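Visitor: Questions regarding the structure given below will be posed in turn.
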């Protein structure tokens, strides 16, 4: 029984995130439009988009190599792997022993790298320029994300995400100020994480790239929700009733975070692209500050 | 005592390589390179039995030199780990030299043979004289301007030697060490290594570049480990570790930035190797701090990270430099802005370069990622090494690791994306030719070894680092924290392979044959005379890095009227707040 329940919870978690990622994208689009006083696109629009694109005959540039064909699938697969390792409604599922935060953040970086290579493979001028600026931003975003999770890991004394969440649930992660600063840094990354897939892709490749983007956003939301709002999350071996509660709380958390993101977007508007390096720079420095605060408090303890 | 004759044979092999270096002008054609390959292969084979049987340290004294002074050699686990790397990489470099399309120049063969022989001699040294002799040989071969470096190392050894004794390692180990002398030794060693590895002017010389990556960088780390972690182990204070840690962090960050901005493919590859050198130095610093603070777990993780950075430089660094130079020779240019589309023209070399870049970046499942993970584990295991001041370097190391990981990833994407992918940017680039099959097989063998080292890092560490760590720490190396499986690379690879295969196979029914289109897809017609589009419209590799923030300082200050406050951007405000906060915490104790 101790093996079966975590396994079932793991399978359920994978199915849930696969279903939730496009739905969440639809909800986000609808909410943002509603808060801006518009009628908004239908919530199942991302699903329809996936079906439409998967039926479309793609157009590939003649100069592209096999990299362009396999990179979207690798990007999706690697992002899904990262998403699988971040718990949603239950902790300590089958794969939780390998759920390492440094691995998760690096898998997301790997997914970005494959997308970047596919873009550069197309040899297009515009897509190349866009990739240049995306890489310049990633140089700031990725250290910020890594340092944020490291700050929490230093508080927990482990890199294992499930153990970190379990400790946070028990209220053992101190100091709270460092935790808050790490949350702000990660939140900044989530708010501005609006990477669009390359326009040189088409058909099923574009569908995979879009799905990878939505999964990436869900992964960040789950990571923030799990670390900083670990309320109601069930243990995998506690049975279906606890899972149901955990599932309900997870859905509420998802909607609350998406609502907060949409509200921020409606209040302040989209951050201009030229301001993004400054915003990410602030996030990176905040994350470093969180690490120093944790190390300093441990050193003085 | 199987190691006794092996030590003798290893000394003979080193001397044979040095002799070969002096005779290169008299040897016909590629025979010098073939002989170097043979000697290096023999050296690597000789290292295997003591490595597998975990042989004890053996010492050999040769009555050479002035009366009363003999030459002392030793083979211990630390020197053995570096020696097998040296011979393996030496074999690859010499074989590459022999297999090239052009007859190798005698000065190239001489440099290779002298460097490998000198490195082996330095690694086998058990006294200051032999060490200086080996270092002088390699310095004269690949970095003649760093001729002072061997004498700095000799001075460092003499500083540790008790009065009235010759500068022998066994005499140093038995004598009580002085902390001040140990600190001076550390500073001298770091200075000597920096002199040897300081970036040179760009010469596009593959021999010097590969010998630096494969031999000089590992040798630098060996010297630091030998002189600080081994010979002055008991005298090193925690603050001594901050010197290599800070220096290594700065070097890693600067070199990673250079790698992402360099205009030439070989310069970018060299900068990535410079980052490895910085990372290994910083890890040694962390090791020294953790060991002095009696934190064996943190020290073990740091030592493992050091070894992985060294293996990364030796294996993946050599591969990347060799592949970059093969591309330069095949495409007629090293300039990234003039390369492109090599995946179609030089597929084997491109695949080898990609494998090297994966290992040098910090992406899973590359070797570099596991090194970064181990460094983070070490920081995690050492949070209580003292007060705020002693914690700041750890935060700096964490920041440096995170920043250089992102920079190295960007540099790798840039090199692969610009040089290998896309379309050829020049007619000469479009006529690039694949390297000869023998050269390609050497590159692909190194690529296979790099990938294998990334997939099985714990096994590589068990083979190379475990015995050395046992000697330096007195305990076995943990590859994972207690109660955790650690970084289970095979599970992650299996999971990623499963999900990727699913993403490729499941929508296969819906997948349709792609329409082939020209690069004017966005609605633009092709240029007249350019039916395949304008190749120079592609990204040329610039702009992959963010602009550094520049504080706006008023140029002229008028005393009567207060000048308007400079407009400070967000990051600088945070930085100032940061400094104030640290000052406040520091003052409050």
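Visitor: Looking at B:23, B:8, B:35, B:18, which one is closer than 26 Å to residue B:56 by Cβ and at pLDDT below 95? If you could, list the steps in order and put the result at the bottom.
Guide: Numbers: B:23 fails: closer than 26 Å to residue B:56 by Cβ; B:35 fails: closer than 26 Å to residue B:56 by Cβ; B:18 fails: closer than 26 Å to residue B:56 by Cβ.
Unique residue meeting the criteria: B:8.
Visitor: May I ask you to list the residues in the stretch B:339-354 that are part of a helix (DSSP H, G or I) and either more than 12 Å from residue B:324 (Cα to Cα) or more than 17 Å from the chain's Cα centre (by Cα) (or both)?
Guide: B:342, B:343, B:344, B:345, B:347, B:348, B:349, B:350, B:351, B:352, listed by residue number.
Visitor: Go through B:401, B:396, B:456 for me and flag whichever is within 11 Å of another protein chain (Cβ to nearest Cβ) and either in contact with a strand residue (DSSP E or B) (Cβ under 9 Å, 6 or more places away or on another chain) or surrounded by fewer than 24 Cβ atoms within 10 Å (Cβ to Cβ) (or both).
Guide: Details: B:401 fails: either in contact with a strand residue (DSSP E or B) (Cβ under 9 Å, 6 or more places away or on another chain) or surrounded by fewer than 24 Cβ atoms within 10 Å (Cβ to Cβ) (or both); B:456 fails: within 11 Å of another protein chain (Cβ to nearest Cβ).
Checking each option against the conditions leaves just B:396.
Visitor: Mind listing whichever residues of the stretch A:42-58 are loosely packed, with under 15 Cβ neighbours inside 10 Å and either more than 8 Å from chain B (Cβ to nearest Cβ) or touching a strand residue (DSSP E or B) at 6+ places or on another chain (Cβ under 8 Å) (or both)?
Guide: Of everything in the stretch A:42-58, those that are loosely packed, with under 15 Cβ neighbours inside 10 Å and either more than 8 Å from chain B (Cβ to nearest Cβ) or touching a strand residue (DSSP E or B) at 6+ places or on another chain (Cβ under 8 Å) (or both) turn out to be A:42, A:44, A:48, A:51, A:52, A:57.
Visitor: Would you call residue B:445 away from every other protein chain (no Cβ under 12 Å), more than 23 Å from the chain's Cα centre (by Cα) and assigned to a helix (DSSP H, G or I)?
Guide: Values: away from every other protein chain (no Cβ under 12 Å): yes; more than 23 Å from the chain's Cα centre (by Cα): no; assigned to a helix (DSSP H, G or I): yes.
No: the conditions fail for residue B:445.
Visitor: Residue under question is residue A:196, and the condition is that it be farther than 26 Å from residue A:293 by Cα, more than 14 Å from chain B (Cβ to nearest Cβ), in a loop (DSSP other than H, G, I, E, B) and modelled with pLDDT under 90; does it hold? Walk me through how you get there before you give the answer.
Guide: Working: farther than 26 Å from residue A:293 by Cα: yes; more than 14 Å from chain B (Cβ to nearest Cβ): yes; in a loop (DSSP other than H, G, I, E, B): yes; modelled with pLDDT under 90: yes.
When the stated conditions are applied, residue A:196 passes them.
Visitor: Checking the structure you have, find out if any residue of the stretch A:215-238 is within 14 Å of chain B (Cβ to nearest Cβ) and at pLDDT below 85.
Guide: no
Visitor: With the requirement that a residue be modelled with pLDDT under 90 and loosely packed, with under 13 Cβ neighbours inside 10 Å, what does the stretch B:477-503 give you?
Guide: B:482, B:483
Visitor: Right, another one. Looking only at the stretch B:330-356, count how many residues are more than 10 Å from chain A (Cβ to nearest Cβ), surrounded by 24 or more Cβ atoms within 10 Å (Cβ to Cβ) and farther than 17 Å from residue B:439 by Cα.
Guide: 1
Visitor: In addition: Give me the pairs, please: first residue somewhere in the stretch B:152-163 and crowded, with 20+ Cβ neighbours inside 10 Å, second residue anywhere and assigned to a loop (DSSP other than H, G, I, E, B) and at pLDDT 90 or above, beta-carbon distance under 8 Å, and either six or more positions apart or on two chains.
Guide: Correct list of pairs: empty, since none qualify.
Visitor: So is residue A:256 away from every other protein chain (no Cβ under 14 Å) and touching a strand residue (DSSP E or B) at 6+ places or on another chain (Cβ under 8 Å) or not? First the steps, then the outcome.
Guide: Working: away from every other protein chain (no Cβ under 14 Å): yes; touching a strand residue (DSSP E or B) at 6+ places or on another chain (Cβ under 8 Å): no.
Answer is no for this residue.
Visitor: Among (1) crowded, with 23+ Cβ neighbours inside 10 Å; (2) over 21 Å from residue B:503 (Cβ atoms); (3) more than 7 Å from chain B (Cβ to nearest Cβ); (4) modelled with pLDDT under 90, there is one condition residue A:122 misses while meeting the rest; what is its number?
Guide: (2)
Here's the yes/no breakdown for (1) within 23 Å of residue B:139 (Cβ to Cβ); (2) in the same structural domain as residue B:128 (by TED's automatic domain parsing):
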{"position": "B:152", "(1), (2)": "yes, yes"}
{"position": "B:161", "(1), (2)": "yes, yes"}
{"position": "B:174", "(1), (2)": "no, yes"}
{"position": "B:194", "(1), (2)": "yes, yes"}
{"position": "B:229", "(1), (2)": "yes, yes"}
{"position": "B:249", "(1), (2)": "no, no"}
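Visitor: While we're here: Tell me yes or no: at least one residue of the stretch B:409-426 is surrounded by 23 or more Cβ atoms within 10 Å (Cβ to Cβ), free of Cβ contacts under 8 Å to residues at least 60 places away in the same chain and at the interface with chain A (Cβ under 10 Å from one of its Cβ atoms).
Guide: yes
Visitor: So for the stretch A:261-273 (the condition being assigned to a helix (DSSP H, G or I), within 14 Å of chain B (Cβ to nearest Cβ), within 22 Å of the chain's Cα centre (by Cα) and surrounded by fewer than 20 Cβ atoms within 10 Å (Cβ to Cβ)), does at least one residue qualify?
Guide: Yes: one or more hits.
Visitor: Follow-up. If you go through the stretch B:174-219, how many residues are closer than 30 Å to residue B:88 by Cα and either at pLDDT 85 or above or assigned to a helix (DSSP H, G or I) (or both)?
Guide: Residues flagged as closer than 30 Å to residue B:88 by Cα and either at pLDDT 85 or above or assigned to a helix (DSSP H, G or I) (or both) within the stretch B:174-219 amount to 25.
Visitor: Give the residues of the stretch A:274-283 that are at the interface with chain B (Cβ under 8 Å from one of its Cβ atoms) and under 30 Å from residue B:382 (Cβ atoms), sorted by residue number.
Guide: So the first thing to find is which residues in the stretch A:274-283 are at the interface with chain B (Cβ under 8 Å from one of its Cβ atoms), and the list is A:277-279, A:281-282.
If the condition is that a residue be at the interface with chain B (Cβ under 8 Å from one of its Cβ atoms) and under 30 Å from residue B:382 (Cβ atoms), then A:281, A:282 are the ones that fit.
Visitor: Looking at the stretch B:226-246, which of its residues are under 24 Å from residue B:122 (Cα atoms) and part of a loop (DSSP other than H, G, I, E, B)?
Guide: Correct list: B:232, B:236.
The values are calculated or read from the model by the stated rules, or taken from the named source; none is laboratory data. Source: prediction; values computed, not measured. In this analysis, Cβ positions are derived from the backbone assuming ideal geometry, glycine residues included, and neighbour counts consider all displayed protein chains.
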